[in-house]
Amino acid sequence: METGSTIRRAATLIAARDGAEGGTEVLVLRRSDTSRFLPGYVVFPGGAVDAADDALAERVFGDASQAPRAAAIRELIEETGLAVTARGLEPVVAGGDAAAIAAVAQAPPSISALRQVAHWIAPENVPVRFDARYFAVAASRGVEPVADAVEAAAAWWADPRELLARWSRDEERLYWPTMKTVEAFAACTSVPELLALQIPDNEPEPGDEESMPRSTFYQSDEEWEQARRAASRGEG
């Protein structure tokens, strides 16, 4: 199978809130079955950093170098109907994505409110390569996502411990970086503890591929090839 060498910047925004019965809950999506990359997988909101995100970062943060944070905010709006402003995580107002971006720009969150908790860089043997920064933000209970039904088939608040257990039974698909991030979250007992994490970018160790669900490491060869070709064209 041909592997990929081109690497694209990406950003993920993880919203975390207090769990109903203690611990924490995080906002996750199930990717559409028609997605070229990781169809049907459980992921965090996010995607590729677009060229326009430099201008968005300048508009929101006054600093074009914050394009990954701006992209993470934009992707959250597009996929879940939720926006991060100075007031916290809140539903998108009437007017669609453009109105939501305007609301963010009018009351922008601080850079420190979106803490980087992980930085995953895909190795060269991966067909679709991303240099992905994971940001985390605190959320209040009572704010509910609405999946866009295009990229995201479903969106919900999940207990990381339950999600990890479902993955271990092969009941949910988690790709390696997502799985390792969820694993770190599962050990947290509070939102401040989760926001303080610095999750290392570590590669699978010998034996991991035999002991874990295959989907943690691979899509089908056909799916990977479709995703690789789409990435080479700058799609998805």
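Which one of these is of a type outside the set (Gly, Ala, Ser), open to solvent by 50 Å² or more (accessible area, probe 1.4 Å) and in contact with a Lys or Arg (Cβ under 9 Å, 6 or more places away or on another chain): ARG59, ARG133, ARG69, ARG87?
ARG133
Among the candidates VAL49, VAL26, VAL42, single out the residue that is surrounded by 23 or more Cβ atoms within 10 Å (Cβ to Cβ), closer than 21 Å to ASP159 by Cα, at pLDDT 95 or above and aliphatic (A, V, I, L, M).
Selected residue: VAL26, the only one of VAL49, VAL26, VAL42 that is surrounded by 23 or more Cβ atoms within 10 Å (Cβ to Cβ), closer than 21 Å to ASP159 by Cα, at pLDDT 95 or above and aliphatic (A, V, I, L, M).
Filter the range 112-130 for residues that are buried (at least 16 other Cβ atoms within 10 Å of the Cβ) and in contact with an Asp or Glu (Cβ under 8 Å, 6 or more places away or on another chain) and give the result.
ALA118, TRP120, ALA122, PRO127
Please work out which residue is surrounded by the most Cβ atoms within 10 Å (Cβ to Cβ), limiting yourself to the range 98-107 and to residues that are at pLDDT 90 or above and out of contact with any strand residue (DSSP E or B) (no Cβ under 7 Å at 6 or more places or on another chain).
ILE101
Let me spell it out: the conditions are (1) under 26 Å from ILE73 (Cα atoms); (2) free of Cβ contacts under 8 Å to residues at least 60 places away in the same chain, and ASP148 meets all of them except one. Which number is the exception?
Among (1) under 26 Å from ILE73 (Cα atoms); (2) free of Cβ contacts under 8 Å to residues at least 60 places away in the same chain, the lone unmet condition for ASP148 is (2).
The values are calculated or read from the model by the stated rules, or taken from the named source; none is laboratory data. Everything numeric in this text was worked out from a predicted model, so none of it was measured. Note that we place each Cβ from the backbone using ideal geometry, even for glycine, and neighbour counts take in every protein chain shown. What goes into the accessible areas is simple: the full protein's heavy atoms, side chains included, and nothing from ligands, DNA or RNA. Shrake-Rupley method; radii C 1.70, N 1.55, O 1.52, S 1.80 Å.
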